[in-house]
1. Using alpha carbon centroids, what distance separates region A:1-62 and region B:141-170, in Å?
2. Gain in length, A:SER143 to A:ARG273, computed as 0.36 nm per residue apart minus the alpha-carbon separation, to one decimal in nm?
3. Can you compute the FRET efficiency between A:THR216 and B:GLU170 using 1/(1 + (r/R0)^6), with r the Cβ-Cβ distance and R0 = 41 Å? Round to the nearest 0.05.
4. Does anyone have the angle between helix A:260-279 and the longest principal axis of chain A? Alpha-carbon axes, 0 to 90°, nearest 10?
5. Over the Cα atoms of region B:1-74, compute the convex hull volume and normalise it per residue, giving Å³.
6. For an R0 of 30 angstrom, estimate the FRET efficiency from the Cβ-Cβ distance between A:SER233 and B:GLN133 and round to the nearest 0.05.
7. Could you work out the mean count of beta carbons from other protein chains within 10 Å of each residue's beta carbon in A:178-188?
8. Return the Rg/Rh ratio of region B:95-170 with Cα-based radii and a Kirkwood Rh.
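Every number in this text was worked out from the coordinates using simple rules, so none of it is lab data. Worth saying up front: this structure is predicted, and the values here are computed from it rather than measured. We place every Cβ from the backbone using ideal geometry, glycine too, and count neighbours over all the protein chains shown.
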Amino acid sequence: MPVLRPTSVDQLLDILANDPSASLLAGGTDLMVEVNLHGRRPATVLSLRSLDELTEWSHRSGRVTIGAGLPYADMEKGPLAQLVPALAQAARTVGSPQIRAAGTIGGNLGTCSPAGDTLPVLAALNATIHVLHRDGVRDVPFSDFMVGVKRNCLRPGEIVHSVTVPVVEGWQGYAKVGTRNAMVISTASACLVHDSVEGLVSIALGAVGPTIIRATEAESWLARNVSLRGSLSISSDIATEFGRRVAAEARPISDHRSTADYRRHAISVLARRLLERAAI
Amino acid sequence: MSNSDTSNVEAYELRINGRNHEVRDSWIGESLLYVLRERLGLPGAKGACEQGECGSCTVIMDGRAVCSCLVMSASAVGSDIATVEGLGTDGQLSDVQRAFLEAGGVQCGFCTPGFIVAVHHLLDASPNPNDEQIKEALSGNICRCTGYGRILEAVRTVAVQRRGQQRGVEA
């Protein structure tokens, strides 16, 4: 019986420990495209649909923990969107309403595409990924989680259980460029978070490198040149130079979606705009 | 394992439009769309892109409008599924279906079942949508020949009709 529907996380981990090659199925928006169009023939599928524990989220002492099975639609609006607005914006740019009703944050992490829309948000917020195995638990910072194009650090038998991000005081946002305005996979994307209490700006870039890239040199340059505590005041020269420095840290390639030159240009514009929005 | 062909899935049951349907002799990767159309005689949901872009296969699953082409059928056991076939009652068209016909929102008709399901899903959750909300709710459904103007008109008409009926009930 190769489609299994475990009813508890423990049962899921048991099955997966015994058969680490089993395919995990959450919303199906990646796996089923591979099955329908690219000839993928999974031997065993573990459906996560019945695991309500994975679709919960909670807010405790300044941190939000989101179950891996939470669909994008549930991040777009409501209290979660108010707590983590950049995640809501990123979720809102994913596919169509039908896709957002099905696709999950755990699926985004499992597939780990450089164009995954929630991933720059997790990188900019220094998210922690909670990873479970039958034999133990480990917490992985997002910066260690994604290790290459569609590659993450999960070991055989492990699953993403949930993700924790801080609630940050200050502006945060997500922006992306594609070949049209809706239902599009990112050509370049970025998430900027301004922590007005700590006096930090972080920016993470999607689809312009093999992994999500934190433009740490541009972040430090900004911190040296602008007061980041409280509300931001950004001149257009500073914003433009920030964009230029962010683009210098991108490592884009040319592929069927775009060229490296265009991506580098686009990411400089996105970084400049996000910083300007943070200052409004 | 005695059966060397591991791609066969044991028989399972799906709950569709309030009825249980048994699915036998299926292959592991079959989508809900395929099973509805080819195994269960419910061809209302249409197959086109098979990758969640066009919305012509839209069904309601546990209260959410989803693309049935991206639902692995055997994983849908235990879910409540509603297809376009289940929207009308006693062989009559639903109010949304009638409004599409009257507004001229149906030309070739291929995308229509997906739209009808998406509109029911919208109006059941938001009885009084503005144009932005209607466009947003239907942004995952692509029509290539009718055009969207008459479809929007149909949705507005149903919303007004339903509010009228609601007032009638309250009065």
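1. Taking the Cα centre of region B:141-170 as reference, the centre of region A:1-62 is 38 Å away.
2. Numbers: separation 130, 0.36 × 130 = 46.80 nm, distance 2.43 nm.
Once the chain is fully extended between A:SER143 and A:ARG273, it gains 44.4 nm.
3. My answer for the efficiency is 0.10.
4. With rounding to tens, the tilt is 70 degrees.
5. 93 Å³
6. Numbers: r = 37 Å, r/R0 = 1.22.
Computed FRET efficiency for A:SER233 and B:GLN133 comes out at 0.25.
7. Numbers: counts 0, 0, 0, 0, 3, 7, 0, 0, 0, 0, 0.
Mean shielding by partner chains, rounded to a whole number: 1.
8. Numbers: Rg = 11.9 Å, Rh = 12.4 Å.
With Rg and the Kirkwood Rh in hand, the quotient comes to 0.96.
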